[in-house]
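The values are calculated or read from the model by the stated rules, or taken from the named source; none is laboratory data. Please read all numbers here as calculations on a predicted model, not as lab measurements. Here the Cβ positions follow ideal geometry from the backbone for every residue, glycine too, while neighbour counts run over all protein chains shown.
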Amino acid sequence: MFDEVDIALRSLLRESLPPEVVVRFDTPGENWIAECSGTETVGIFLHRVREDVAAGTPIGWSDERAPDGRVVRRTQEARRYELCYLVTAWADDIEREHLLLGAVLSACTRTARLSAAHLTGTLSAATSPVTVSVARPGLSSAPVDIWAALGLVARGCLDLVVVAPLAPPESGEPAPPPDSVDLGARTLRPPRPSTGGMRRLPAKITEGVRDGQGRGENG
């Protein structure tokens, strides 16, 4: 899924970026300062992946039935994931970097869904859309300490989020219904008498006549 999203983003950004701009998906670092010298570059760094539970991702299976009602195939529902990217621009001056960031922003705000022309592989075959958003309200941005972790000085950037479905594994046909039933029988031994439990004490019942006070008198 990740490689297919990379292809889709590259295809999308190519519509707005100058043809000489390089698009990179590797982790930016101090070496980029020298590597990008004289070459305008847009970095798209995947720093977080989380399930899109807010959208009510279905969990379960769907059945494909034959005309007679038999289940002929079971398919697991696709899950959707948020892929969070840190977008940076690298050029010889800040004006050019801002121009590149503006081009990325423009490309990602033209539509909320990626068109089929940008999708390949499982994303093109998916029934749910692939969405893209930038600087979305309420979006948790990249961690503040990400710059220190990358060994870079903080710079202008964009928070880019792609929500894409993860194709479930192919499921085989269900097992056919049984065509015969084998039954067996055997003689059971009678249960053995129980030797456990509480021991019953012997009891004696006597009869008597009542005296004048109404008390019983043993005979």
**Message:** So, LEU86, is that one at pLDDT below 85, out of contact with any Leu (no Cβ under 7 Å at 6 or more places or on another chain), under 23 Å from VAL53 (Cα atoms) and not β-branched (Val, Ile, Thr) or not?
**Reply:** no
**Prompt:** Of (1) part of a loop (DSSP other than H, G, I, E, B); (2) modelled with pLDDT of 85 or more; (3) touching a strand residue (DSSP E or B) at 6+ places or on another chain (Cβ under 9 Å), ASP92 satisfies all except one. Which?
**Reply:** (3)
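Residues are listed down the side, and each one gets a yes or a no for (1) at pLDDT 90 or above; (2) closer than 26 Å to GLY29 by Cβ; (3) in contact with a Cys (Cβ under 8 Å, 6 or more places away or on another chain); (4) exposed (fewer than 14 other Cβ atoms within 10 Å of the Cβ):
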position: GLU97; (1), (2), (3), (4): yes, yes, no, no
position: ALA103; (1), (2), (3), (4): yes, yes, no, no
position: THR111; (1), (2), (3), (4): no, no, no, yes
position: HIS118; (1), (2), (3), (4): yes, no, no, no
position: VAL130; (1), (2), (3), (4): yes, no, no, no
position: PRO143; (1), (2), (3), (4): no, yes, no, yes
position: ILE146; (1), (2), (3), (4): no, yes, no, no
position: LEU150; (1), (2), (3), (4): no, yes, no, no
**Message:** Under 6 Å between Cβ atoms, which residue pairs at least 6 apart in sequence (or on different chains) link something in segment 170-185 that is within 27 Å of THR122 (Cβ to Cβ) and at pLDDT below 75 with a partner that is among the acidic types (Asp, Glu) and not in a loop (DSSP other than H, G, I, E, B)?
**Reply:** none
**Fill in**
Filtering segment 10-31 for residues that are touching a Ser or Thr at 6+ places or on another chain (Cβ under 8 Å), closer than 22 Å to ALA116 by Cα and either assigned to a loop (DSSP other than H, G, I, E, B) or charged (D, E, K, R) (or both) leaves a count of 1
**Prompt:** Got a number for residues in segment 32-44 being at pLDDT below 95 and either under 12 Å from LEU83 (Cα atoms) or part of a loop (DSSP other than H, G, I, E, B) (or both)?
**Reply:** 5
